[in-house]
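For reference, the structure discussed in these notes is given below.
The values are calculated or read from the model by the stated rules, or taken from the named source; none is laboratory data. Quick caveat: nothing in here was measured; it's all calculated off a predicted structure. Glycine gets a Cβ as well: all are built from the backbone with ideal geometry, and neighbour counts include every protein chain shown. SASA here: full protein model, heavy atoms, side chains in, ligands and nucleic acids out. Shrake-Rupley method; radii C 1.70, N 1.55, O 1.52, S 1.80 Å.
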Amino acid sequence: MEQPPQHAAYGTACTNCARSKCRCVIPNPGDACERCRRLGKVCVQSGTKRKREVTKTSTSRNEQLEAKIDGLVSLLKSSTGSPAAVETQRVNGLIPVSFRSPAVETHRSCVMSTAASLQSLDEAPPMNEQEILHEFMALRLIHLPFIHIPSHTSAADMRATKPFLWLCIRAISTRSTLQQTKLYSQIRTILGQSMVSELERSTEQLLGLLVCIAWGNLQVHQRPFLTLFTQLSISIVFDLGLNVKPPTGPDEKANYRFHKPWISGRRTMEERRAVLGLYFLSSVVSCNLDRIDTLRWTPHMAECVNQLQQSEECESDLLLAALVKIQKLVDKIRQFRLHEREAGRAVSLRPPALFYAKALQTELDDAKRQLRPDLQSNRVLLNYYYHAQLKIYEFVLFDEFPTSPSNFDRLETLYICLSAIKNYFDVFLTYAQAEYVGFSTSSFFQLTHCMMCLYRLSATEDPSWDRMEVVKTLDVIVIGRRIAQNFRDAATAAGLIADGQPDHLTRLASVVESATTHWESKLRAQAVSQGLPAGDQNINSGEMSQAEEYVPELTDEFWLSDLLVPMEWQENVYS
């Protein structure tokens with residue numbers, strides 16, 4: 001009786017079936033297989049029997065967990081050691097992927113990519129590195145302390161541990177405009193290589209970008225970059241999950257919607273300062289340029305503010321928390337758009353803008369009262385407070401606000417704006433010229449905005465508004481010329497070298513002079529047309545030629561359009 005076809009046992013298929021990875025069916029022992037017979041091939045049985053691969057017995061779940069715990073213990077013990085030791089443990093599998101630190105992942109590549117840039121700095125005679133660090137801490141961080149650098153830290157420590165951040169600090173601190181151009185080019189190259197080509201994300205990258213946003217826009221460059229660098233910073237915050245509460249348990253880590261190697265199980269004070277610093281700067285850029293959205297506020301960021309207020313690590317944390325609170329209020333003012341609400345009241349049932357303004361003023365006063373007595377007199381906070389007050393009430397300066405001889409609300413609001421501007425300049429003019437180099441981008445946004453509002457107060461046509469009283473209280477022409485001269489003297493005192501393009505303080509002085517000259521001519525013409533005293537300010541030919549040189553080119557200066565002109569004012573700056 002003929003036996004039924006049988007499949008060849010594992011490892012005994014003929015050579016043709018084994019090579020083709022097909023099923024080998026042998027009707028009778030010693031016969032050719034069905035496939036070879038059908039294809040007319042010579043069926044050659046395998047001479048040796050292939051062995052199955054023996055799978056190694058996997059370790060138990062308990063053993064795997066114990067190995068991970070041992071790795072974590074080793075990591076904690078070596079946390080005070082060099083990053084290279086931690087990296088060695090990661091390579092050997094002692095550190096679980098979900099607990100890798102972003103600094104560990106990018107430290108080696110960051111050091112390598114920045115080494116050439118730091119070496120090139122030594123080719124030119126730079127400022128003393130320790131002097132640069134001291135100036136950054138003493139003059140710049142007092143305006144926006146999103147970085148804490150202990151007083152005992154040396155420049156060599158910064159260069160070794162945070163090379164990219166140190167490169168950015170060097171770029172904003174160097175006195176040579178030609179050297180600034182080279183350094184910013186190197187910064188952009190490093191960012192492109194690390195963030196785009198190698199897809200790296202780290203807190204150090206974020207801090208370096210924040211330094212460039214806060215002070216870099218005042219230096220030399222060819223094209224606007226505030227929005228680009230702000231968006232890059234926001235992407236780092238999102239990718240590292242710095243704006244949300246970090247995962248604590250295994251289940252939360254498993255469901256965490258971020259790249260696991262970038263996840264940290266705890267939030268550091270450095271990360272809290274960085275995310276709040278980004279919120280502040282993104283809000284400043286958004287409110288003044290109106291091109292991007294502010295970093296979305298989250299409950300975890302509110303917790304970060306509370307942590308800074310309770311922290312005893314450094315006094316500047318209280319200043320940063322207060323600045324964030326005020327800027328959060330300014331962002332709320334922008335969202336309300338009070339001038340649009342006032343313009344739309346005629347066609348819709350909207351409360352008056354003054355209704356919102358008084359509520360916002362109450363919130364601003366509460367924020368100030370909650371400060372410690374020494375912070376209530378802090379010059380930086382006072383300027384932000386008075387500028388926020390101006391932002392609350394400036395809707396009255398727009399043409400849509402109704403005017404009438406009996407509109408006392410408008411008169412009161414105009415006076416509040418004038419008082420806020422006067423208080424702002426009373427504080428601003430107390431800064432010594434040597435301190436001007438520490439002003440941030442936000443500081444100059446505030447300054448130019450206050451000057452433009454003061455001009456509009458001086459030119460406001462209202463039967464109940466005394467423009468001559470405005471001039472007696474605060475003359476925009478006198479203020480403009482004084483600030484322009486202070487800028488020029490500050491550039492000389494700081495030893496800025498215009499070996500490339502003109503330095504930022506000199507260029508700012510030229511723009512302020514140009515705007516002041518233009519405003520003076522407009523105010524004089526307005527006074528003459530109304531039969532009022534035109535004033536005795538004289539314009540010499542040198543000042544007028546300088547104004548004619550700069551005013552028409554204002555919109556062509558990329559960095560000036562970023563720095564000086566908020567979106568809602570662009571059509572009204574020279575009107």
Task: Protein-only accessible surface order, largest first, of Lys162, Lys182 at 1.4 Å - done: Lys182, Lys162
Task: Nearest-10 value in Å² for the accessible area of Ile234, using the 1.4 Å probe - done: 20
Open item on the list: Using 27 Å as the Cα-Cα cut-off, could you pick out the over-long pairs in Lys422/Lys522; Lys325/Lys358; Lys182/Lys325?
Closed with: Lys182/Lys325
- [ ] List the residues whose amide H sits under 5 Å from the amide H of Ser176, counting only those 5 or more places along or on another chain, with H placed 1.01 Å from N in the peptide plane.
- [x] Ile497
- [ ] Hey, can you find the accessible area per residue of the range 452-535 for me, probe 1.4 Å, expressed in square angstrom?
- [x] 41
Task: Sites Ser235 and Arg38 - FRET efficiency at Förster radius 60 Å, r taken between beta-carbons, to 0.05 - done: 0.50
Task: Two-site label geometry, Thr430 and Glu313: point separation in nm, points 7 Å out along Cα→Cβ - done: 3.0
Task: Order of exposure, largest accessible area first, which applies to Val42, Val511 with probe 1.4 Å - done: Val42, Val511
Open item on the list: If you count only protein heavy atoms and use a 1.4 Å probe, how large is the accessible surface of Asp331, to the nearest 10 Å²?
Closed with: 10
Task: FRET efficiency for Tyr10 and Thr268, using Cβ-Cβ distance with R0 set to 60 Å, rounded to 0.05 - done: 0.60
Open item on the list: Which of rounded, prolate or oblate describes the range 381-484 when judged by the alpha-carbon gyration tensor and an a/c cut-off of 1.5?
Closed with: prolate
Open item on the list: I want to check the label-to-label distance for Thr189 and Ser151. Put each point 7 Å from Cα in the C-beta direction and report it in nm to one decimal.
Closed with: 3.9
- [ ] For Glu34, tell me the accessible area in Å² from a 1.4 Å probe, rounded to the nearest 10.
- [x] 80
Task: Residue order for Met468, Met195 - accessible surface, 1.4 angstrom probe, largest first - done: Met468, Met195
